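What follows draws every value from the coordinates through simple rules; no lab data is involved. Keep in mind that this is a model prediction, so the values were computed, not measured. Note that we place each Cβ from the backbone using ideal geometry, even for glycine, and neighbour counts take in every protein chain shown.
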Amino acid sequence: MSSSSRIFRRGLASQSLHSTFVETEKALLQRARQWDQQALAEIYDLLSPRLYRYSFRLLGTAEVAEECVAATFERFLLALRRGAGPRNFLQAYLFRIAHNWITDHYRRQPMPDLPLDPQLQTNKGTEKVALENMEIELLRKALAHLAPDQRQVLVLKYLEGWQNDQIALSLSKSVGAIKALQHRGLNNLQKVFSNELVEEQ
């Protein structure tokens, strides 16, 4: 099994987390729209780690990822204060804000090297972690060659474990467009890996 396949398979196990949250997000949103502080705290506790992980993978540094998460929730709270914001699909709404923030960020400055998992940076020393770091470094370099939309779809699909309809909702695209981006992204990723293997030989 290739390095990319092993890493992508890990993300599929997280798909059940999304369906669990969907069952509670509508009730949380109803309370949040009434400015229920406990509901707002629960939303932050549930989604800020996912938003941070996603932002970190696409932005490359903890400082900028934290800035993205803070800006995302700030915009969410401002929308609620205006009586706007989402009526449902809260997770997709917040990830769309983060997606737009990241897009604006890269309009202002070039993309850095992209570590894919912040936890692996602080847990070094074992052979297993060393191998995981090598796999992630290889995948990081390959993802950096993809178009931004392809990279975001692959990160959400295979590293975050999202379904196509969730990605489509978050990125404001059709499911067909997401499938096309996924197909092109995987093909381009395979080409990148093939070229790197040829160069190493």
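The figures follow:
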| quantity | calculated |
| --- | --- |
| Estimated vicinal HN-Hα couplings, Hz - region 93-107 in sequence order (Karplus 6.51, -1.76, 1.60; Gly, Pro = x) | 4, 5, 5, 5, 4, 4, 4, 5, 5, 5, 4, 5, 4, 7, 6 |
| Spacing of the two label points (7 Å from each Cα toward its C-beta) at Asp104 and Ser48, in nm | 2.1 |
| Taking Glu42, Glu160 and counting other C-beta atoms within 10 Å, the order from fewest to most | Glu42, Glu160 |
| Additional length obtainable on full extension of the chain from Thr61 to Ala79, 0.36 nm per residue less Cα span | 3.8 nm |
| Label-point gap, in nm, between Asp36 and Asn195 - each point 7 angstrom along Cα→Cβ | 5.2 |
